[in-house]
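The structure under discussion appears below in the form of structure tokens.
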Amino acid sequence: MEEKLTDQEQARVDKLPKYRELGVDPFGSRYDWKDRIRDVREKYAPLEAEELSRLNIEVDVAGRLMAIRRMGKAAFVNLKDEHASIQGWLGIDILGEHDYSVFKLSDLGDIVGLKGTLMKSKTGELTIRVNKFTHISKCLKPLPEKFHGLTDVEDRYRKRYLDLIVNDDSRRIALLRPAIIKGIRRYCDDLGFVEVETPVLSPIAGGAAARPFITHHNTLDKDFYLRIATELNLKKAMIGGIDRVYEVGRIFRNEGIDVRHNPEFTTIELYQAYGDLRSMMEWIEGLIKYLAKTVLGQDKVAWGDKELDFSVPFRSVSMCQAILDETGIDFTKEMTFEEAVALADERHVPLQDSWNSVGYIIQAFFDEFVEKKLIQPTFVHTYPIEVSPLTKKTEDPRFVDRFELFVNGMEFANAYSELNDPFDQMERFEAQLAARARGDDEAESIDWSFMDAMKYGMPPAGGIGLGVDRLCMMLCNVDNIREVLLFPTMRDEK
């Protein structure tokens, strides 16, 4: 059905033939601007009006018109490019009748080029005295009002292109995220890690406990899964001799949408042959401190009403010790499943029917009483074996050599001393199959190709997965994951 135009939209459409009458293509072509507004402001804004006049500095910029103040045969405009904005002054005596007639057709949102010399306005604002105005592309829809703006949160995410036009902070985040990812890669590469690419389509949903998206390959007449982790393929690469390997990649999990979760998200998974859990602690603590310094230029970072201090060593505590500190219950002591269930009932901890051992209840106690209180960066280590099927055991076989990093009550990373015993690994996979049979639809399947690879010898290794989106949330100082996703998954518009 053809869209019905508003009066403002119709007025803009009606101007299109008028551009053509003046010999101007309303949707333009290449424009060879030479100056970024941010660079112009940094270099010349500090100069006084007299010095600007003496230097006669010519600039040529392009961007979007964000304000127009007409005064008969002259006008002030505000032009914004990718990083900054600048004022322009246009007068018919300088532009001439033709170019000023083209300018008079302008609306907010139009993309134009301004060429001229720098001056200061009466109020001291750095301004371009425009001697050449170029219309580049027409904006056919009015921008949101300056003071009311694009305020509906759902609209901001659904119409991100418009959000980027009118909200400077959204553009700041959109540009900061790739800088963070470049920093991650630079940090890894400098340490000798090699980035590889692994398949998005997988014949099994392996490497994590999560529900997958399912698709169908027509030629093979076979269902495939969008990957829920990059882990197993990266380990195969390490077995093949790439000792330090990583991938920054998209992950897909068929799960809920909220302020911390999106069905598709970005992780970095990384494996270091001959390393262990301590190697991963060193890697991620170093990474976060490196990004804070190189991307943000500081080691104390505001996140909401909290200040995170990356100048000091990260805290490290075992899961059972953290639970003991909060509840007085010591899960390192031997206890039956029934005794653990009784403790959970006493403290009103939710349980699942598929659980059949103490380890699951330990994790539930941690989730209920500890996680949200971990504000400063904290390594929580020594996890129950039941919730960590790919990890080496500690001296106490009930627990494994695993940590998660928590910041501001949120899990950021998951790391292991990787399991490299194929017999032990097979037992863990079989336990996961049993959990699936009991109704746990997030339990892992057996990856037989990975089992075959392990039998060729896998070196002891440290491995880690880090949520890039949550890392960006922290460094961008936002509390909703959709703020750092350029085009997040959205429910249908009502």
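The values are calculated or read from the model by the stated rules, or taken from the named source; none is laboratory data. Nothing here was measured: the structure is a model prediction, and the numbers come from that model. Ideal geometry is used to build each Cβ from the backbone, glycine not excepted, and the neighbour counts take in all protein chains shown. In case anyone asks, the SASA skips ligands and DNA or RNA and just uses the protein heavy atoms, side chains included. Shrake-Rupley method; radii C 1.70, N 1.55, O 1.52, S 1.80 Å.
Principal-axis analysis of the Cα atoms of the chain puts helix 422-437 at an angle of about 80° to the longest axis.
With a ≥ b ≥ c the root eigenvalues of the C-alpha gyration tensor of the range 412-477, is it rounded (a/c under 1.5), prolate (a/b larger than b/c) or oblate?
Details: a/c = 3.20, a/b = 1.48, b/c = 2.16.
Oblate, since a/c reaches 1.5 and b/c is not below a/b.
Annotation: amide H of Lys132 within the under-5 Å range of Lys115, sequence separation 5 or more or interchain, hydrogens built in the peptide plane. 3J(HN,Hα) couplings calculated from phi for the range 222-228 with the Karplus curve 6.51 cos²θ - 1.76 cosθ + 1.60 (θ = phi - 60°) are, in sequence order, 8, 6, 10, 10, 6, 4, 9 Hz; Gly and Pro show x.
Roughly what angle does helix 168-190 make with the longest principal axis of the chain, taking Cα atoms, 0 to 90 degrees, to the nearest 10? Tilt of helix 168-190: around 50 degrees.
The packing ranking, built from the mean of other Cβ atoms within 10 Å per residue, places the peptides 55-63, 218-226 in the order 55-63, 218-226, highest first. Amide hydrogen proximity for Thr391: with H placed 1.01 Å from N in the peptide plane, the residues at 5 or more positions away or on another chain lying under 5 Å are Leu419.
Using a cut-off of 15 Å between beta-carbons, work out the net charge of the residues near Gly457 (Lys and Arg +1, Asp and Glu -1, Gly457 not included).
Details: positive: Lys235, Lys236, Lys455; negative: Asp243, Glu418, Asp421, Asp424, Asp452.
Combined, the nearby Lys, Arg, Asp and Glu give -2.
Stokes-Einstein diffusion for the range 215-363 at 10 °C, viscosity 1.306 mPa s, with a Kirkwood radius from C-alpha pairs, works out to 79 µm²/s.
Compute the relative contact order of the range 360-403 as a whole-number percentage, counting only Cα pairs closer than 8 Å that sit 6 or more residues apart in sequence. Don't skip to the end; give the middle numbers.
On the way: 44 pairs, mean separation 15.7, N = 44.
About 36 percent, as a whole number.
Residue by residue, the range 303-309 carries 3J(HN,Hα) couplings of 9, x, 8, 9, 10, 9, 10 Hz when phi is fed to the Karplus relation 6.51 cos²θ - 1.76 cosθ + 1.60 (θ = phi - 60°); x denotes Gly or Pro. Hey, with R₀ at 22 Å, roughly what FRET efficiency would Glu3 and Phe487 work out to, going by the Cβ-Cβ distance, to 0.05? For R0 = 22 Å, the calculated efficiency reads 0.50.
Summarising the amide proton neighbourhood of Val194: residues at separation of 5 or more, or on other chains, whose placed amide H is nearer than 5 Å comprise Arg244, Val245, Tyr246. Would you work out if the range 228-306 is rounded, prolate or oblate? Take a ≥ b ≥ c from the square roots of the eigenvalues of the alpha-carbon gyration tensor; rounded if a/c is under 1.5, else prolate when a/b is larger than b/c, oblate otherwise. Because a/c hits 1.5 or more and a/b fails to exceed b/c, the range 228-306 counts as oblate.
Each of Gly240, Tyr290, Ile37 was placed along the dipole of the chain (beta-carbon charges, centred on the mean Cα), and the one lying farthest toward the positive end is Ile37. Each residue of the range 357-370 is assigned a 3J(HN,Hα), and the resulting list reads 8, 5, x, 5, 6, 4, 4, 5, 4, 4, 4, 6, 10, 10 Hz, derived from the Karplus form 6.51 cos²θ - 1.76 cosθ + 1.60 (θ = phi - 60°), x at Gly and Pro.
For the chain, the longest principal axis of the C-alpha atoms and the axis of helix 277-291 are separated by about 10°. Beyond a 31 Å Cα-Cα separation, which of these cross-linked pairs lie in this structure: Lys293/Lys373; Lys4/Lys104; Lys293/Lys392? Result: Lys293/Lys392 exceed 31 Å.
Distance between the modelled labels on Phe27 and Arg211, one decimal in nanometres: 4.3 nm (7 Å Cα→Cβ projection).
Spin-label model, Gln298 to Arg41: label points 7 Å out along the Cα-to-beta-carbon direction sit 1.9 nm apart.
Shape analysis of the range 315-434 places it in the oblate category; the axes a ≥ b ≥ c from the Cα gyration tensor give an a/c of at least 1.5, with a/b not above b/c. FRET efficiency for the Ala49 to Glu307 pair, using the beta carbon distance and R₀ = 51 Å, is estimated at 0.80. The accessible surface of the chain, taken with every protein chain in place and a 1.4 Å probe, is 50 percent carbon and sulfur.
Taking the DSSP beta bridges in the chain as the whole, what percent of them are antiparallel, to the nearest 5? All intermediate terms of the calculation are to be shown ahead of the outcome.
Details: 76 of 85 bridges.
Antiparallel: roughly 90 percent of the beta bridges in the chain.
The charge dipole of the chain, taken about the Cα centre with unit charges on the Cβ atoms of Lys, Arg (+1) and Asp, Glu (-1), comes to about 2660 debye, rounded to the nearest 20.
Using Cα-Cα distances under 8 Å and only pairs 6 or more residues apart, what relative contact order does the chain have, in percent?
Normalised by residue count, the contact order of the chain is 13 percent.
Rounded to the nearest 5, the antiparallel percentage of DSSP beta bridges internal to the range 270-384 is 50%. In whole Å, how far is the Cα centre of the range 329-374 from that of the range 242-279? One Cα centre to the other: 27 Å. Mean silhouette area of the range 335-374, derived from the convex hull of its C-alpha atoms and averaged over all directions, reads 2.8 nm². Of the residues Met410, Ile375, Phe365, the one whose Cα sits farthest towards the positive end of the charge dipole of the range 358-494 is Ile375 (charges of +1 on Lys and Arg Cβ, -1 on Asp and Glu Cβ, taken about the Cα centre).
State, as an integer percentage, the relative contact order of the range 9-78 based on alpha-carbon contacts under 8 Å between residues 6 or more apart.
Working: 31 pairs, mean separation 15.2, N = 70.
Once normalised by length, the contact order is 22 percent.
Compute, for the range 145-221, the length of the dipole vector about the Cα centre, with Cβ point charges of +1 (Lys, Arg) and -1 (Asp, Glu) only. Units Debye, rounded to 20.
Working: 12 positive and 12 negative charges, 36 e Å.
Taking the Cα centre of the range 145-221 as origin, the dipole is about 180 debye.
Averaging 1/r over each pair of different alpha-carbon atoms in the range 1-129 and inverting the result gives 15.9 Å, the Kirkwood hydrodynamic radius. Once both labels are positioned 7 Å from their Cα atoms along Cα-to-Cβ, the gap between Lys73 and Asp190 label points is 6.0 nm.
Choose one of Ala273, Thr219, Trp448: the residue whose Cα lies farthest towards the positive end of the charge dipole of the chain (beta-carbon charges +1 Lys, Arg; -1 Asp, Glu; about the Cα centre). Checked the options; the winner is Thr219. Between the range 176-222 and the range 85-137, what's the alpha-carbon centroid distance in Å? The distance from the Cα centre of the range 176-222 to that of the range 85-137 comes to 47 Å.
If you filter the range 366-400 for GluC sites (Glu not before Pro), then keep DSSP loop positions with at most 16 other Cβ within 10 Å, what is left? Could you put the intermediate results ahead of the total?
Details: sites: Glu368, Glu371, Glu386, Glu395; in loops: Glu395.
The qualifying sites are Glu395.
Semi-axes of the equivalent ellipsoid for the chain, computed as √(5λ) from the eigenvalues of its C-alpha gyration tensor and ordered from largest down, come to 56, 25, 22 Å.
The order of the peptides 175-182, 13-20 by mean Cβ neighbours within 10 Å, most packed first, is 175-182, 13-20.
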